[in-house]
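Worksheet: one structure, shown below.
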Amino acid sequence: FIPNSPWILSVGEDRQVVCYDLRQGSIVWKQTIKGGKLLTLACLSPELMAVAGADNTIRILSLRDGNEVNRWIGHDGSVAVLMQRGEHLISGSYDTTIRTWDINQAFRPLEKHYLHPVSARFIDSGVSESIR
């Protein structure tokens with residue numbers, strides 16, 4: 001759901017991003033993303049959204065028409081989770097990292113460059129506790 005808007009967004013394994021207007025009962029726009037299957041999305045601002053999936057890439061799209069405005073590369077596995085918090089986008093991937101991205105970078109012109117997000121890798125300590 002887009003905050004303060006009648007629009008909802010969806011992504012799927014068919015590589016489609018769909019923006020649907022609940023009031024009108026119709027599709028506002030539909031965009032096919034070349035690359036891997038799409039698994040997740042997040043709204044970044046009233047103008048931008050992020051989508052990601054099996055090609056390890058986060059794409060920043062315009063909410064107006066679904067066109068790509070930027071691309072963030074930094075994961076080595078499918079991106080399965082995106083969540084916006086304040087001025088950051090948090091992504092979780094099958095590469096076992098959680099990364100944070102500065103949303104202000106989304107407003108730069110499309111450069112398709114590698115960003116260097118803050119990341120944390122999960123390391124299994126081998127310690128287990130029994131649950132009672």
(message) As a test of reading the structure, rank Arg23, Arg99, Arg15 by solvent-accessible area (1.4 Å probe, protein chains only), most first.
(response) Arg23, Arg15, Arg99
(message) Sort Asp76, Asp14 by heavy-atom solvent-accessible area, probe 1.4 angstrom, most to least.
(response) Asp76, Asp14
(message) Taking R0 as 35 Å, what FRET efficiency do you get between Val69 and Tyr94 from their Cβ-Cβ distance, rounded to the nearest 0.05?
(response) 0.85
(message) How much length would be gained if the chain were fully extended between Phe107 and Lys34, taking 0.36 nm per residue of separation minus their Cα-Cα distance, in nm to one decimal?
(response) 24.1 nm
(message) Under the rule a/c < 1.5 gives rounded, and otherwise a/b versus b/c splits prolate from oblate, where does the stretch 28-68 land using the Cα gyration tensor?
(response) oblate
(message) Can you give me the solvent accessible area of Trp7 with a 1.4 Å probe, rounded to the nearest 10 Å²?
(response) 60 Å²
(message) I want to verify the translational diffusion coefficient of the stretch 1-98 in µm²/s; compute it with Stokes-Einstein, Rh as the Kirkwood radius over Cα pairs, at 25 °C and 0.890 mPa s.
(response) 183 µm²/s
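The values are calculated or read from the model by the stated rules, or taken from the named source; none is laboratory data. Quick caveat, the model's predicted, so the values are computed rather than measured. Don't worry about glycine lacking a Cβ; one is built from the backbone with ideal geometry, like all the others, and counts go over all protein chains shown. Heavy atoms of the whole protein, side chains included, go into the accessibility calculation; ligands, DNA and RNA do not. Shrake-Rupley method; radii C 1.70, N 1.55, O 1.52, S 1.80 Å.
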